[in-house]
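A quick write-up on the structure given underneath.
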Amino acid sequence: MIRIINKIPSDVVVACSAGLDSMSVVHFLQRGRRNIRLAYFNHDTTHSKNAQKFVEEYAEKQNLDLSIGRVMGVKGKRSIEEFWRDERYNFFNQINSNFIITCHHLDDCVETWVMSSLHGKSKLIPYKRGDNIYRPFLMTTRKSFREYAIRKEVKWVEDPSNARLEYMRNHVRHAMMPHILKLNPGIRTMVRKKIIQNYL
């Protein structure tokens, strides 16, 4: 089941990567009669070209406005994940909207909780970033998005880099989380309760 935090206004921008989560959110909001615009950020990877084409074709078919950004800065000493994140949010900050949705979900929150705990201070993904970036789907699991997409025949593009274990989040997701869930099957429930305490 797709669950949301607080109310989602009628006019929103969805950060759409062409992946399972964002395409499910786009479809869900369209069925909910929201007026949506799409924002795609090109990370300048091999996958990005195909993903951008997918989003462009979807936006044209659905008659949706689309903003496209791409990597412009210099990585410097940042990890590639930090660099991409900073560049992506710089792009979002240039979009004229009071409500930009990023499609983070409960499993992202659990992974962030685990990663931050390994560094000595556990934390949640915030419901809101800055003045206009919101994450209303933090209560929804990745499994729920997949079930929704299959049930509603939502198409998406899979990013092959999501399986590469040299990225810390992917390592936590694929190598660590199966063991963590065996040791603590209730970790999603624990994190969900913390989300409720903090954001509802």
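The values are calculated or read from the model by the stated rules, or taken from the named source; none is laboratory data. Remember, it's a predicted structure, so these values are computed and weren't measured experimentally. Cβ: placed from backbone, ideal geometry, glycine included. Neighbour counts: every protein chain shown. Note: areas computed on protein heavy atoms with side chains; ligands, DNA, RNA excluded. Shrake-Rupley method; radii C 1.70, N 1.55, O 1.52, S 1.80 Å.
Basic side chains Lys and Arg get +1 at the Cβ, acidic Asp and Glu get -1 at the Cβ, and with that the dipole of the chain about its Cα centre reaches some 720 debye.
What's the carbon and sulfur percent of the stretch 16-124's accessible surface, probe 1.4 angstrom, rounded to a whole number?
Details: 2620 of 5920 Å².
Ligands and nucleic acids excluded, carbon and sulfur reach 44 percent.
Spacing of the modelled spin labels on residue 80 and residue 121, each 7 Å from Cα toward Cβ, amounts to 2.8 nm.
Kindly rank 134-144, 114-124, 176-186, 91-101 from highest to lowest mean number of other beta carbons found within 10 Å of each residue.
Packing order, densest peptide first, comes out as 134-144, 91-101, 114-124, 176-186.
Across the stretch 1-93, the convex hull enclosing all Cα atoms gives 120 Å³ per residue.
Within the stretch 106-179, report the GluC sites (Glu not before Pro) that DSSP leaves as loop and that have at most 10 other Cβ atoms within 10 Å.
The qualifying sites are 153, 166.
Solvent-accessible area per residue in the stretch 1-143 equals 53 Å², computed with a 1.4 angstrom probe and all protein chains kept.
The charge dipole of the stretch 1-87, taken about its Cα centre with unit charges on the Cβ atoms of Lys, Arg (+1), Asp and Glu (-1) only, comes to about 240 debye. Distance between the C-alpha centers of the stretch 47-69 and the stretch 151-167? Whole Å please. So the two Cα centres are separated by 16 Å. Classify the stretch 56-139 as rounded, prolate or oblate from the Cα gyration tensor: take a ≥ b ≥ c as the square roots of its eigenvalues, call it rounded if a/c is under 1.5, otherwise prolate when a/b beats b/c and oblate if not. The shape class here is oblate. Please say if the stretch 136-200 is rounded, prolate or oblate, where rounded means a/c under 1.5 for a ≥ b ≥ c the square roots of the C-alpha gyration tensor eigenvalues, and otherwise the choice is prolate for a/b larger than b/c and oblate otherwise? Oblate, because a/c is 1.5 or more while a/b does not exceed b/c.
Would you kindly give the portion of the calculated P(r) for the chain that falls above 25 Å, as a percent of all Cα pairs? Of all Cα-Cα pairs in the chain, 37 percent lie more than 25 Å apart.
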